[in-house]
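Encoded as structure tokens, the structure appears first; notes follow it.
The values are calculated or read from the model by the stated rules, or taken from the named source; none is laboratory data. Everything numeric here is computed off the predicted structure, so don't read it as measured data. Because the Cβ atoms are built from the backbone with ideal geometry, glycine has one as well, and the counts that use them run over all protein chains shown. Surface accessibility is based on the protein's heavy atoms, side chains included, excluding ligands, DNA and RNA. Shrake-Rupley method; radii C 1.70, N 1.55, O 1.52, S 1.80 Å.
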Amino acid sequence: MSRFQLTIWGARGSIPAPAAANVRFGSDTSCIELRCGDHVIVLDAGTGIVGCGRELYDRGVSQIDVLLTHCHFDHIIGLPFFMPLYSSGTSVRIHAGHFEDATTCRNMVERFMCPPYFPVTPKQFAAGIQYCDFRPPEVLELFDDVRIRTVRLNHPNGAVGYRVEHGGRSVCYITDTEHRPGVRDEAICDLIAGADIMIYDSMYTDAEYPKYRGFGHSTWEEGVRLCRAAGVPRLVAFHHDISRTDAWLADLVGRAQAVFPGALVAQTGLTLDIAERVRIVETS
Ligand SMILES: [Zn+2]
Ligand SMILES: [Zn+2]
């Protein structure tokens, strides 16, 4: 069976959280690497993409697809430091589909990497860059053997959820999104139905949520409800708030698994083997 592996390079939301109390689960913001056969797909470009880029460069990966959920800083701030962009002989396709106006992926990156905010502009990229725009629920056929379904999420300024399918298995990446208490998000349910794994915006708990209504985020308990409703056996709680320490997140593992045995809590360095119905390969 073809390789299908997921590695978490950054699991934080909103802002990096470097602190001695956060070493185990990590401090970097959103970035996940998928290896589908020989293809490499990177979900989001938070600070986690910096380490990811170094490793891809060391592995000699010459074709990379970066799929952005949206362009809030915690999901793009690492992009200017993504080494493969400065490597000639490398091709990078950057995909975005969350815009609610005429903004394109290309002009978003140009406006973001621009003096006086940042000295390097995209003109200095040495790789071959392709900017790819789409509109959910468009299906992205990146390769013959990789198919990606998309859905619009409920988030200020828009965001896109992805379902990546390869070799008869599938991974869903659903962040940042706000649920409506008591109302199932049918679009998300439809997208994740029967998937092997869902990575989900778990910024808050149900108990905390009323204080953060309108902030555009969800809860790990809502992730459990969605997994149950859609027959997804594995939940990865993701997009941790800056206040979450290793002790708090370790406790969450126990609390979440007590109600949903397939629950995991995202941590930098966690690799899951999806081709073998999700096996934890290593943690670092
Ligand atoms: Zn975010
Ligand atoms: Zn956001």
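Dipole size of the chain about its Cα centre, with +1 on Lys/Arg Cβ and -1 on Asp/Glu Cβ: approximately 100 debye, rounded to the nearest 20.
Note on the chain: helix-only mean residue ellipticity at 222 nm, from DSSP H runs of 4+ residues weighted -39500 (n - 2.57) and normalised by residue number, equals -5500 deg cm²/dmol.
A compact globular protein would have a Cα radius of gyration near 2.2 N^0.38 Å; the ratio found for the range 90-232 is 1.18.
Of the trypsin sites (Lys or Arg not before Pro) in the range 14-113, the ones in a loop by DSSP (not H, G, I, E or B) with at most 15 other beta carbons within 10 Å are R24. For the range 138-220, trypsin sites (Lys or Arg not before Pro) are listed when DSSP marks them as loop and at most 13 other Cβ atoms sit within 10 Å of their Cβ; the list is R213. Per residue, the range 33-174 exposes 41 Å² of accessible surface when a 1.4 Å probe is rolled over the protein heavy atoms with every protein chain present. Working from label points 7 Å from Cα in the Cα-to-Cβ sense, the N107 to K211 distance is 4.0 nm.
Calculated on the alpha-carbon coordinates, the convex hull of the range 212-274 measures out at 107 cubic angstrom per residue. Estimated from the Cβ-Cβ distance and a Förster radius of 35 angstrom, the FRET efficiency linking Q257 and C114 is about 0.20.
Calculated over the chain, the projected area of the Cα convex hull averaged across directions stands at 14.2 nm². The length gained on full extension between I15 and S62, counted as 0.36 nm times the residue separation minus their Cα-Cα distance, comes to 14.0 nm.
Please sort by residue number the chymotrypsin sites (Phe, Trp or Tyr not before Pro) in the range 150-218 whose DSSP state is loop and whose Cβ has at most 16 other Cβ atoms within 10 Å. Those satisfying the criteria are F215. Rounded if a/c is under 1.5, else prolate if a/b beats b/c, else oblate: with a ≥ b ≥ c from the C-alpha gyration tensor eigenvalues square-rooted, which is the range 184-231? Prolate, because a/c is 1.5 or more and a/b exceeds b/c.
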